[in-house]
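Colleague: The structure under discussion is supplied below as C-alpha coordinates; questions concerning it will follow.
The values are calculated or read from the model by the stated rules, or taken from the named source; none is laboratory data. Since we're looking at a predicted model, the values are computed, not measured. These area figures cover heavy atoms from the full protein model, side chains too; ligands, DNA and RNA do not enter into them. Shrake-Rupley method; radii C 1.70, N 1.55, O 1.52, S 1.80 Å.
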Amino acid sequence: MPQILISKINGVDIVTVDRDGEIFVPIKPICEAIGIDAKAQRAKLQEDEFFASTGAIITSVAADEKEREMYCIRLRDVYGWLATINPGKVAPEAREAVTRYRRECYDVLYEHFTGSMRRTIETNNAEIELLQQINSAISDEKEAKGRRKKAEEALGKLRAERLNPQPSLF
(Lines give C-alpha, C1' and ligand atoms only; values in the text may rest on other atoms or scores of the structure.)
Protein backbone atom coordinates (compact mmCIF):
# COMPACT_ATOMS: atom_id res chain seq x y z
CA MET A 1 0.00 0.00 0.00
CA PRO A 2 1.38 3.44 -0.84
CA GLN A 3 2.17 5.53 2.22
CA ILE A 4 2.65 9.27 2.54
CA LEU A 5 4.53 10.92 5.40
CA ILE A 6 2.26 13.67 6.75
CA SER A 7 4.00 14.62 9.96
CA LYS A 8 6.82 13.88 12.34
CA ILE A 9 5.81 14.11 16.00
CA ASN A 10 8.51 13.76 18.66
CA GLY A 11 10.71 12.03 16.11
CA VAL A 12 8.02 9.54 15.04
CA ASP A 13 6.91 9.45 11.40
CA ILE A 14 3.15 9.73 10.97
CA VAL A 15 2.06 8.27 7.64
CA THR A 16 -1.17 7.79 5.76
CA VAL A 17 -2.26 4.64 3.96
CA ASP A 18 -4.63 4.69 0.99
CA ARG A 19 -7.22 1.93 0.99
CA ASP A 20 -9.74 1.94 -1.84
CA GLY A 21 -9.46 5.70 -2.23
CA GLU A 22 -9.94 6.43 1.47
CA ILE A 23 -7.00 7.79 3.45
CA PHE A 24 -6.25 6.04 6.77
CA VAL A 25 -3.69 6.65 9.52
CA PRO A 26 -2.22 3.93 11.76
CA ILE A 27 -2.83 4.94 15.38
CA LYS A 28 0.19 3.19 16.92
CA PRO A 29 2.81 5.73 15.71
CA ILE A 30 0.68 8.61 16.99
CA CYS A 31 0.29 6.89 20.36
CA GLU A 32 4.03 6.29 20.54
CA ALA A 33 4.72 9.91 19.62
CA ILE A 34 2.61 11.30 22.46
CA GLY A 35 3.40 8.57 24.97
CA ILE A 36 0.09 6.76 25.37
CA ASP A 37 -0.71 3.07 25.25
CA ALA A 38 -1.63 2.10 21.68
CA LYS A 39 -3.45 -1.08 22.80
CA ALA A 40 -5.63 0.88 25.22
CA GLN A 41 -6.42 3.47 22.52
CA ARG A 42 -7.28 0.74 20.03
CA ALA A 43 -9.61 -0.87 22.57
CA LYS A 44 -11.18 2.54 23.28
CA LEU A 45 -11.71 3.17 19.56
CA GLN A 46 -13.14 -0.30 18.94
CA GLU A 47 -15.59 0.11 21.82
CA ASP A 48 -16.77 3.46 20.46
CA GLU A 49 -19.76 2.99 18.14
CA PHE A 50 -18.58 5.63 15.67
CA PHE A 51 -14.89 4.79 15.53
CA ALA A 52 -15.56 1.04 15.49
CA SER A 53 -17.54 1.48 12.28
CA THR A 54 -14.76 3.40 10.53
CA GLY A 55 -11.55 1.73 11.81
CA ALA A 56 -9.76 -0.98 9.85
CA ILE A 57 -6.82 -3.34 9.99
CA ILE A 58 -4.51 -2.36 7.12
CA THR A 59 -1.10 -3.63 6.13
CA SER A 60 1.40 -0.82 6.54
CA VAL A 61 5.16 -0.43 6.77
CA ALA A 62 6.06 -0.08 10.44
CA ALA A 63 8.92 1.92 11.95
CA ASP A 64 11.18 -1.14 11.60
CA GLU A 65 10.55 -1.08 7.81
CA LYS A 66 8.61 -4.36 7.94
CA GLU A 67 5.06 -4.76 6.70
CA ARG A 68 2.64 -5.21 9.55
CA GLU A 69 -1.08 -5.21 10.00
CA MET A 70 -1.97 -2.05 11.90
CA TYR A 71 -5.18 -0.70 13.31
CA CYS A 72 -5.98 2.47 11.37
CA ILE A 73 -8.65 5.10 11.39
CA ARG A 74 -9.67 7.42 8.61
CA LEU A 75 -7.60 10.59 8.38
CA ARG A 76 -10.82 12.60 8.62
CA ASP A 77 -11.46 11.04 12.05
CA VAL A 78 -7.97 11.41 13.55
CA TYR A 79 -8.61 14.95 14.77
CA GLY A 80 -11.77 13.93 16.60
CA TRP A 81 -10.01 10.95 18.19
CA LEU A 82 -7.11 13.12 19.35
CA ALA A 83 -9.61 15.47 21.02
CA THR A 84 -10.82 12.53 23.17
CA ILE A 85 -7.39 11.74 24.59
CA ASN A 86 -7.07 12.52 28.28
CA PRO A 87 -3.98 14.71 28.79
CA GLY A 88 -3.47 13.05 32.17
CA LYS A 89 -2.74 9.75 30.42
CA VAL A 90 -0.08 10.98 28.00
CA ALA A 91 3.65 11.32 28.53
CA PRO A 92 4.46 14.36 30.68
CA GLU A 93 6.29 16.07 27.83
CA ALA A 94 3.18 15.76 25.61
CA ARG A 95 0.56 16.95 28.14
CA GLU A 96 0.74 20.62 27.32
CA ALA A 97 0.47 19.98 23.57
CA VAL A 98 -2.48 17.59 24.00
CA THR A 99 -4.26 20.05 26.30
CA ARG A 100 -3.63 22.91 23.86
CA TYR A 101 -4.87 20.76 20.96
CA ARG A 102 -8.09 19.90 22.81
CA ARG A 103 -8.72 23.59 23.54
CA GLU A 104 -8.19 24.41 19.88
CA CYS A 105 -10.63 21.66 18.85
CA TYR A 106 -13.30 23.02 21.15
CA ASP A 107 -12.66 26.56 19.92
CA VAL A 108 -13.02 25.42 16.31
CA LEU A 109 -16.28 23.63 17.09
CA TYR A 110 -17.61 26.68 18.93
CA GLU A 111 -16.67 29.02 16.09
CA HIS A 112 -18.17 26.68 13.51
CA PHE A 113 -21.53 26.43 15.19
CA THR A 114 -21.84 29.94 16.59
CA GLY A 115 -20.29 31.35 13.42
CA SER A 116 -23.00 29.78 11.28
CA MET A 117 -25.61 31.07 13.71
CA ARG A 118 -24.02 34.53 13.59
CA ARG A 119 -24.00 34.42 9.76
CA THR A 120 -27.68 33.41 9.78
CA ILE A 121 -28.54 36.34 12.05
CA GLU A 122 -26.52 38.75 9.89
CA THR A 123 -28.20 37.43 6.73
CA ASN A 124 -31.63 37.71 8.32
CA ASN A 125 -30.91 41.30 9.42
CA ALA A 126 -29.70 42.20 5.92
CA GLU A 127 -32.86 40.67 4.45
CA ILE A 128 -35.06 42.63 6.87
CA GLU A 129 -33.25 45.86 5.90
CA LEU A 130 -33.76 45.17 2.19
CA LEU A 131 -37.44 44.36 2.73
CA GLN A 132 -37.84 47.64 4.62
CA GLN A 133 -36.21 49.49 1.71
CA ILE A 134 -38.57 47.78 -0.74
CA ASN A 135 -41.55 48.63 1.46
CA SER A 136 -40.40 52.26 1.68
CA ALA A 137 -39.96 52.42 -2.10
CA ILE A 138 -43.48 51.00 -2.60
CA SER A 139 -44.89 53.64 -0.22
CA ASP A 140 -42.95 56.38 -2.03
CA GLU A 141 -44.26 55.04 -5.33
CA LYS A 142 -47.88 55.15 -4.09
CA GLU A 143 -47.43 58.70 -2.81
CA ALA A 144 -45.84 59.75 -6.11
CA LYS A 145 -48.73 58.17 -8.07
CA GLY A 146 -51.20 60.06 -5.86
CA ARG A 147 -49.37 63.38 -6.43
CA ARG A 148 -49.19 62.67 -10.16
CA LYS A 149 -52.91 61.94 -10.29
CA LYS A 150 -53.74 65.22 -8.48
CA ALA A 151 -51.38 67.15 -10.77
CA GLU A 152 -52.91 65.55 -13.87
CA GLU A 153 -56.41 66.38 -12.62
CA ALA A 154 -55.39 69.99 -11.92
CA LEU A 155 -53.78 70.23 -15.38
CA GLY A 156 -56.90 68.84 -16.98
CA LYS A 157 -59.02 71.36 -15.09
CA LEU A 158 -56.68 74.22 -16.08
CA ARG A 159 -56.81 73.24 -19.76
CA ALA A 160 -60.56 72.90 -19.65
CA GLU A 161 -60.81 76.39 -18.14
CA ARG A 162 -58.52 77.81 -20.78
CA LEU A 163 -60.71 76.45 -23.54
CA ASN A 164 -63.87 77.75 -21.89
CA PRO A 165 -64.86 81.03 -23.60
CA GLN A 166 -66.64 82.30 -20.52
CA PRO A 167 -64.30 83.73 -17.92
CA SER A 168 -65.08 82.69 -14.39
CA LEU A 169 -63.98 83.79 -11.03
CA PHE A 170 -62.86 81.12 -8.75
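Colleague: Where does the chain land at 222 nm, in deg cm²/dmol rounded to the nearest 500, when only DSSP H runs of n ≥ 4 count, each adding -39500 (n - 2.57), divided by all residues?
Modeller: -21500 deg cm²/dmol
Colleague: Further, regarding this structure: Would you kindly find the accessible area of residue 67, with a 1.4 Å probe and non-protein molecules such as ligands, DNA and RNA excluded, rounding to the nearest 10 Å²?
Modeller: Counting only protein heavy atoms, residue 67 exposes about 130 Å² to solvent.
Colleague: When all protein chains stay in place, what accessible area (Å², nearest 10, 1.4 Å probe) is found for residue 89?
Modeller: 150
Colleague: Enter the accessible area per residue of the chain (Å², integer; probe 1.4 Å; all protein chains in place).
Modeller: On the way: 12650 Å² over 170 residues.
For the chain, the per-residue accessible area is 74 Å².
Colleague: Please tell me the relative contact order of the chain in percent, rounded to the nearest whole number, where contacts are Cα pairs under 8 Å and at least six residues apart.
Modeller: Worked out over the chain, it gives 13 percent.
Colleague: Here is a follow-up. Expressed as a whole percentage, what fraction of the accessible surface of the chain belongs to carbon and sulfur atoms when a 1.4 Å probe is rolled over the protein heavy atoms?
Modeller: 55
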